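Read-outs: derived from the displayed coordinates by stated rules, not from any lab. This structure is a prediction, so every number in the text was calculated from the model and none was measured. Cβ sites come from the backbone with ideal geometry, for glycine too, and all protein chains shown count toward neighbours.
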Amino acid sequence: MKRFVPEAVWIERGEADTAVARAVRARFPGSVELFDGRPPVHVTSVRDGKRALVLQRHRGSFLRHCPAGTSGLVCCNYLVVNLASNCPMDCSYCFLQDYLADTPALAAYTNVDEALSEVDTVIRAHPERQFRIGTGELSDSLALDPLTGLSELLVPFFAARRNAVLELKTKTDCVDALLDLDPRGQVVVSWSMNAAAVVERDEAGTATFAERLAAARRVQAAGYRVGFHFDPLVEFEGWEAGYAAAIDAIAGAVDRSAIAWVSLGSLRLSGGLAQAVRNRPQLGYVLGAELVAGADGKARVWRGLRLRMYRFMVERLRAAFGAAPLYLCMEPAPVWERVMGEVPTDRALALRLAAGAAW
Ligand code: SF4
């Protein structure tokens, strides 16, 4: 895929000598501008914000619980550490279109040392726990890596810890920097996958399905475990054949023993995202479908369709990947019961996924 090159780079003046800023200055072909106070980037939408890159300190804490911790949804005790905000790619269904509407600039944070110190404090305080921590909530984990070199800070940090696994979740093939690093079993690189028709139609600027698979093969050969997320599952004419082909392609490309986990999820629409999606003609079918509100207030396609799609996927995934851990993302207990035949406690699910991540 084409590597992201921003139209402009703005760096907060006091941060110009941090590791992230130095990496970007060395790799960005244009000249960078320094700023004091608020970044002088005036963008009015999340799509507009994707063109320039701001490097700045993050004020406030970095680590937080994944929003699936909402009561009423089965949770896997996942933590997120946000080191960037917004993403250079442009998926039609992306929740950032609503979530970042008030802060749409594309930003990478420079005080990574403080973020890692915060992570270190939490995982040292609970040596009995196995943490799964991801960087792919408010951005893609690897899309900015060719510029920021962030993975060269993150992978050695997690490789040196025994009770925390880092998940780098991506729709790119930006894995070059990972290949020379030794994850020592503590880093999972995961890909958001979809049927090829959905990738082409809804995931602008991302790596193709084949490029993602090729990247998964490369990191697996370099000693990383891999994960896959079919989220959101999207109904389209011929979806069964489309998703079956995707699963078969992954099974043919990746060693199943290297799969840490596979998740399934459906499209979740906040009120603001539903508004944004109205401008995306390819997702028009969702707005015409029967939607129901979930425990988190977000609308989902009706349960009967979700159950049908999940059951189809689970059957295919189990046949293809054997005992690799599968989970449903942001679904309530009755959906788990009817699809998976069980409702694990949050703790049991977290332990199962942590075990899947362990070599
Ligand atoms: S890759 Fe992820 S974060 Fe980026 S636009 Fe797509 S859904 Fe949003």
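Worth pointing out:
- In the chain, the longest principal axis of the Cα atoms and the axis of helix 239-253 are about 60 degrees apart.
- Residue exposure sequence - 1, 193 - by fewest surrounding Cβ within 10 Å: 1, 193
- Against the chain, whose longest principal axis is taken from its Cα atoms, helix 112-125 shows a tilt of about 50°.
- DSSP finds beta bridges in the stretch 224-358, and of those with both partners inside it, around 30 percent are antiparallel.
- Unpaired by the 4.7 Å Cβ criterion, cysteines found in the chain: 66, 75, 76, 87, 174, 329
- Cα gyration tensor shape for the stretch 1-132, rounded if a/c is under 1.5, else prolate or oblate: oblate
- Distance from the alpha carbon centroid of the stretch 126-154 to that of the stretch 74-116 works out to 11 angstrom.
- Fewest-first ordering of 65, 229 by other beta carbons within 10 Å of each residue's beta carbon gives 65, 229.
- The stretch 286-359 versus the stretch 31-67: alpha-carbon centroid distance in Å: 33 Å
- Degrees, to the nearest 10: 303-321 long Cα axis against longest axis of the chain: 80 degrees
- Rel. contact order, % - alpha carbon contacts under 8 angstrom, at least six apart, the stretch 138-261: 25 percent
- Share of Cα-Cα pairs in the chain lying beyond 38 Å, as whole percent: 12 percent
- For the stretch 267-359, the square roots of the Cα gyration tensor eigenvalues, ordered a ≥ b ≥ c, give a/c of at least 1.5 with a/b greater than b/c, which places it in the prolate category.
- Of all lysines in the structure, those lying under 17 Å Cα to Cα from residue 50, and not within fewer than 8 positions of it along the same chain, are 2, 171.
- The overall shape of the stretch 176-325 is prolate: from the C-alpha gyration tensor, with semi-axes ordered a ≥ b ≥ c, the ratio a/c is 1.5 or greater and a/b exceeds b/c.
- Treating each Cα of the stretch 92-179 as one equal point scatterer and applying the Debye formula with no solvent, the log10 of I(q)/I(0) at q = 0.20, 0.25 Å⁻¹ comes out as -1.06, -1.34.
- Gain upon complete extension [residue 160, residue 61; 0.36 nm per residue less C-alpha separation]: 33.4 nm
- Ranked for footprinting exposure by Cβ neighbours inside 10 Å, fewest first, 237, 152, 12 give 237, 152, 12.
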